[in-house]
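Undergrad: First, the structure itself, so that you have it in front of you.
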Amino acid sequence: MSNFSFKLSEEKISVIKETFKEYIKENKNEYIDTFIQKEDLTITIYKSGKVVFQGNDAFFYASAYLDSKKSPQAGSDEVGTGDVFGPVVVCAAIVQEEDYPYIEEKHITDSKQLNDDYIRKLGPELRTRFKHSLLILDNKTYNKVHEKENLNSIKAKMHNKAYLNMLDKGYQIPKAAYVDQFCPEADYYRYLLNEQRVYHDLIFETKAEEKYPAVAVGSMISRYAFLEYMDKLDQKYKIKFQRGSSNSEEIDRQIRYIIEHYGKDELYQIGKVHFKNFDKYR
């Protein structure tokens, strides 16, 4: 089932309501203006102006209401959350209309689909070309915060801070601003209840890095920053740290190496100690 969401003008929303008026269903959600359901398609129109098309025919119907030209957008993504070693990195970026030819030429997409050599090559260029905000949460701080907060709470605060940073830099954030969804929208904002400032004007999409170029740019800049950070860790500790979390045997060997050469407390400087790999070394 496909899922597409974006903000539309009041005029286009009125057209949708008129076109699908016989399929409008009753809804009691305080955030929803109109709920439409027909066969393999549901359309949810939020009071914020966000419209979500879901179903096998979602793209067919959604494309009728999108501008033919490629419009400005913002997007944010994170990397490092699945890596035993290294930081969590979040980047929010802005893509303008004139950037689309460049994006197609450089094959900008989800960083997980690109090899690290390509990201290393293109990373400095992306950081220069695109307005963005980059946040790097080192392991010492991450481990301290994770004692009280779960990973989704940490990510929500980092994404929120990335968007606020762009505002503080004087950047104009486009109406279409996407987050690669890692938790339900309601939970995202619940994690931010005690924050002094919250950027609310966001659209949450799963696999957004595959759909929206701004999220892909954020993904690639984040990955480049992560690789740079890991290079420095490798040099400092004279070891090539295992990326990811799949090779437990190698990860265990590297944990033992750190303890032997630097002491057990040093693990908090280089790894996410809530991973099971660290259990036997506490």
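The values are calculated or read from the model by the stated rules, or taken from the named source; none is laboratory data. Here the structure is a predicted model, which is why all the values come from computation and not from measurement. All Cβ positions, glycine included, derive from the backbone under ideal geometry; neighbour counts span all protein chains shown.
Undergrad: Considering only the stretch 132-139, I want to know if a residue exists there that is in contact with a strand residue (DSSP E or B) (Cβ under 6 Å, 6 or more places away or on another chain), more than 30 Å from Phe278 (Cα to Cα) and either surrounded by 19 or more Cβ atoms within 10 Å (Cβ to Cβ) or among the acidic types (Asp, Glu) (or both).
TA: Taking every residue of the stretch 132-139 in turn, at least one turns out to be in contact with a strand residue (DSSP E or B) (Cβ under 6 Å, 6 or more places away or on another chain), more than 30 Å from Phe278 (Cα to Cα) and either surrounded by 19 or more Cβ atoms within 10 Å (Cβ to Cβ) or among the acidic types (Asp, Glu) (or both).
Undergrad: Just need a number here: residues in the stretch 207-217 that are in contact with a strand residue (DSSP E or B) (Cβ under 8 Å, 6 or more places away or on another chain) and more than 20 Å from Lys161 (Cα to Cα). So that I can check it myself, show each step before the final result.
TA: Start the filter on the stretch 207-217 by keeping residues that are in contact with a strand residue (DSSP E or B) (Cβ under 8 Å, 6 or more places away or on another chain), which leaves 207-209, 211-217.
Narrowing further to those that are more than 20 Å from Lys161 (Cα to Cα): 207, 211-213.
Count: 4.
Undergrad: May I pose another question? Restricting to the stretch 239-282, name every residue that is surrounded by 15 or more Cβ atoms within 10 Å (Cβ to Cβ), among the basic types (Lys, Arg) and modelled with pLDDT of 95 or more.
TA: Lys272, the sole residue that qualifies.
The rows are residues; the columns are (1) in the same structural domain as Lys121 (by TED's automatic domain parsing); (2) over 19 Å from Pro174 (Cβ atoms); (3) assigned to a helix (DSSP H, G or I); (4) touching a Pro at 6+ places or on another chain (Cβ under 8 Å).
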{"site": "Glu209", "(1), (2), (3), (4)": "yes, no, yes, no"}
{"site": "Ala216", "(1), (2), (3), (4)": "yes, no, yes, no"}
{"site": "Ile221", "(1), (2), (3), (4)": "yes, no, yes, no"}
{"site": "Ala225", "(1), (2), (3), (4)": "yes, yes, yes, no"}
{"site": "Glu228", "(1), (2), (3), (4)": "yes, yes, yes, no"}
{"site": "Arg253", "(1), (2), (3), (4)": "no, yes, yes, no"}
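Undergrad: Follow-up question, since we're still on this one. Regarding the stretch 45-55, can at least one residue be identified that is within 23 Å of Glu185 (Cα to Cα), among the hydrophobic types (A, V, I, L, M, F, W, C) and touching a residue at least 60 places away in the same chain (Cβ under 8 Å)? Talk me through it step by step, then tell me what you get.
TA: Looking only at the stretch 45-55, we keep the residues that are within 23 Å of Glu185 (Cα to Cα), and these are 45-55.
Then keep just the ones that are among the hydrophobic types (A, V, I, L, M, F, W, C); that gives 45, 51-53.
In the following step, the residues that additionally are touching a residue at least 60 places away in the same chain (Cβ under 8 Å) were identified as none.
No, there is no match, as no residue in the stretch 45-55 is within 23 Å of Glu185 (Cα to Cα), among the hydrophobic types (A, V, I, L, M, F, W, C) and touching a residue at least 60 places away in the same chain (Cβ under 8 Å).
Undergrad: Related question: Out of the residues in the stretch 180-217 that are among the small types (Gly, Ala, Ser) and out of contact with any helix residue (DSSP H, G or I) (no Cβ under 7 Å at 6 or more places or on another chain), state the one that is surrounded by the fewest Cβ atoms within 10 Å (Cβ to Cβ).
TA: Just the residues of the stretch 180-217 that are among the small types (Gly, Ala, Ser), to begin with: 186, 208, 214, 216.
In the following step, the residues that additionally are out of contact with any helix residue (DSSP H, G or I) (no Cβ under 7 Å at 6 or more places or on another chain) were identified as 186, 214.
Working: Ala186: 9, Ala214: 29.
Among those residues, the one meeting the criterion is Ala186.
Undergrad: So which residues in the stretch 221-238 are basic (Lys, Arg) and surrounded by 15 or more Cβ atoms within 10 Å (Cβ to Cβ), if there are any at all?
TA: Selection gives Arg223 alone.
Undergrad: So Lys236 passes all but one of these: (1) more than 28 Å from Leu8 (Cβ to Cβ); (2) part of a loop (DSSP other than H, G, I, E, B); (3) modelled with pLDDT of 95 or more. Which condition number does it fail?
TA: If we test Lys236 against (1) more than 28 Å from Leu8 (Cβ to Cβ); (2) part of a loop (DSSP other than H, G, I, E, B); (3) modelled with pLDDT of 95 or more, just (2) comes out false.
Undergrad: Now a separate question. Select from the stretch 175-192 the residues that are modelled with pLDDT of 90 or more and of a type in the set (Lys, Arg) and list them in ascending order.
TA: Arg190
Undergrad: So which residues in the stretch 239-256 are free of Cβ contacts under 8 Å to residues at least 60 places away in the same chain and aliphatic (A, V, I, L, M), if there are any at all? It would help to see each step written out before you state the result.
TA: Going through the stretch 239-256, the residues free of Cβ contacts under 8 Å to residues at least 60 places away in the same chain turn out to be 239-240, 246-250, 252-253, 255-256.
Those that are free of Cβ contacts under 8 Å to residues at least 60 places away in the same chain and aliphatic (A, V, I, L, M): Ile239, Ile255.
Undergrad: Ok, one more. What's the number of the only condition in (1) in a strand (DSSP E or B); (2) among the small types (Gly, Ala, Ser); (3) within 27 Å of Ser248 (Cβ to Cβ) that Ala93 fails to meet?
TA: If we test Ala93 against (1) in a strand (DSSP E or B); (2) among the small types (Gly, Ala, Ser); (3) within 27 Å of Ser248 (Cβ to Cβ), just (3) comes out false.
Undergrad: Oh, and also: Please find, within the stretch 68-95, the residue that is surrounded by the most Cβ atoms within 10 Å (Cβ to Cβ) out of those that are modelled with pLDDT of 95 or more and of a type in the set (S, T, N, Q).
TA: Looking at residues that are modelled with pLDDT of 95 or more and of a type in the set (S, T, N, Q), I get Ser76.
Undergrad: Let me ask something additional. For the stretch 155-179, which positions are buried (at least 17 other Cβ atoms within 10 Å of the Cβ), free of Cβ contacts under 8 Å to residues at least 40 places away in the same chain and more than 14 Å from the chain's Cα centre (by Cα)?
TA: Listed by number, the list holds a single entry, Leu164.
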